[in-house]
Amino acid sequence: MEQSALGERRQPAVFITGAGGEVGHGLISSFSDERRPDIVATDLRELDHKSREKCAATYLADVCDRDALDRILSMYQVKEMFHLAAVLSTRAEFAPEIAHQVNVNGTVNILQIAAEQGRMYGEPVKVVFPSSIAAYGFGSLAQKKEVGSVTEYEHCKPSTMYGCNKLYCEHLGRYYAHSYRQLATDSVQGEDKNRGVVDFRCVRYPGLISAETVPTGGTSDFVPEMIHAAARGEKYKCFVREDTRIPFMTMPEAIDATLQLAAAPREELTQIVYNISSFSPSAGEVAELVKQYFPKANISFEPDERRQAIVDSWPEALDCSVATNDWGFAPKYTLEQAFEEYLIPRITKQYESKA
Ligand code: AKB
């Protein structure tokens with residue numbers, strides 16, 4: 001182990017940003033199920049007690065605050081980074097410049113730290129980055145319907161700040177992995193010390209549905225909101241039309257896939273960015289299923305024109321074949337199985353225990 005600035009041994013660590021969000025919550029639980037002793041988690045807000053207990057250390061830190069990140073990371077030898085901190089698509093449209101700062105500048109901070117640590121220890125630091133279906137963008141609903149399922153590199157013309165940020169950060173990750181400081185003196189003279197110091201891997205998430213948490217600030221939130229509202233016995237006004245269709249998957253599937261990609265041998269990865277998803281129901285189809293399990297559910301469709309336009313610009317299905325071929329991605333559930341085997345048992349238990 002290396003000496004830290006304080007003269008102490010640096011602890012090997014898996015570093016998570018945005019750890020208090022929905023994905024962070026799931027990732028920390030999944031890591032701790034595997035009994036990982038080395039999780040160092042940060043967020044702007046304090047993590048809940050259960051998550052804190054599962055981490056080696058937690059810190060309040062803003063990904064935009066490079067000095068704060070440096071202070072924390074001077075104590076650790078970072079092996080892997082899961083960079084989850086982000087301002088999601090709906091929230092980002094109210095404060096696009098702040099979203100850009102967090103989503104882009106925060107990511108540059110993380111990539112730069114990974115490159116520095118990778119150089120310092122002479123081994124690549126893995127950076128796992130969740131991108132999103134928001135990286136896509138169709139010009140019209142007719143085009144979306146005509147195209148159907150999309151591969152990673154087509155129709156990437158995002159219409160939201162969040163989508164632009166995610167797409168750009170995918171490219172930044174590729175840059176840090178393959179071309180970082182390609183003309184600098186330490187690169188051109190003798191051995192190239194910058195090449196391969198960052199091992200960047202990216203999954204494009206569809207909408208995610210968790211039985212434990214309800215998302216905020218996203219535009220795919222209508223599905224998880226609808227399910228949780230019914231479980232709580234509350235009315236739900238869905239902000240998109242019944243025929244609106246985008247891809248989704250459950251949170252545990254997303255976490256498993258993310259960890260599967262992180263664990264894949266580098267030489268088997270043919271791409272930087274991978275699509276993943278499990279099913280592509282319409283909002284109306286989800287509502288029908290919700291009513292089967294919660295017959296008193298009161299769901300109405302009252303589209304918000306502007307949020308509808310965002311969802312209409314996202315694809316209705318993802319081609320995930322490269323993820324399947326390269327690292328064995330396979331969805332666990334159909335929509336019906338997700339309800340029967342995961343969502344309903346967990347949600348019902350959760351709200352019963354709160355009653
Ligand atoms: C959002 O709606 O912003 C996110 C996403 C699709 O990435 N859930």
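The values are calculated or read from the model by the stated rules, or taken from the named source; none is laboratory data. Small disclaimer: the values here were computed from a predicted structure and weren't measured. FYI the Cβ positions are ideal-geometry reconstructions off the backbone, even for glycines, and counts take in every protein chain you see.
Key figures for this structure:
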{"read-out": "Tally of residues being charged (D, E, K, R), outside any helix (DSSP H, G or I) and surrounded by fewer than 16 Cβ atoms within 10 Å (Cβ to Cβ) across segment 28-40", "value": "3"}
{"read-out": "Only listed residue being modelled with pLDDT under 95, closer than 27 Å to residue 162 by Cα and either crowded, with 22+ Cβ neighbours inside 10 Å or not β-branched (Val, Ile, Thr) (or both), chosen from 25, 83", "value": "25"}
{"read-out": "Pair list, Cβ under 9 Å, 6 or more apart: segment 98-114 residue at positive phi and buried (at least 16 other Cβ atoms within 10 Å of the Cβ), other residue part of a helix (DSSP H, G or I) and of a type outside the set (Ser, Thr, Tyr)", "value": "none"}
{"read-out": "Of all residues in segment 126-140 being of a type outside the set (A, V, I, L, M, F, W, C), within 16 Å of the ligand (Cβ to nearest atom) and in a strand (DSSP E or B), the one that is nearest to residue 79 (Cα to Cα)", "value": "130"}
{"read-out": "Residue 123 being over 21 Å from the mean Cα position of the chain (by Cα), outside any strand (DSSP E or B) and among the charged types (D, E, K, R)", "value": "yes"}
{"read-out": "Of residues in segment 141-162 being in contact with a helix residue (DSSP H, G or I) (Cβ under 6 Å, 6 or more places away or on another chain) and within 15 Å of the ligand (Cβ to nearest atom), the one farthest from residue 319 (Cα to Cα)", "value": "161"}
{"read-out": "Number of the exception - residue 349 against (1) under 21 Å from the mean Cα position of the chain (by Cα); (2) loosely packed, with under 15 Cβ neighbours inside 10 Å", "value": "(1)"}
{"read-out": "Every residue from segment 204-230 that is touching a helix residue (DSSP H, G or I) at 6+ places or on another chain (Cβ under 7 Å), among the hydrophobic types (A, V, I, L, M, F, W, C) and more than 18 Å from residue 253 (Cα to Cα)", "value": "222, 226, 230"}
{"read-out": "Test: residue in segment 254-276 that is farther than 22 Å from residue 28 by Cα and touching a Gly at 6+ places or on another chain (Cβ under 7 Å)", "value": "yes"}
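So that you can scan it fast, the table gives a plain yes or no per residue for (1) within 30 Å of residue 116 (Cα to Cα); (2) charged (D, E, K, R); (3) touching a Cys at 6+ places or on another chain (Cβ under 7 Å):
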position	(1), (2), (3)
142	no, no, no
146	no, yes, no
152	yes, yes, no
155	no, no, no
161	yes, no, no
165	yes, no, no
169	yes, no, no
173	yes, no, yes
177	yes, no, no
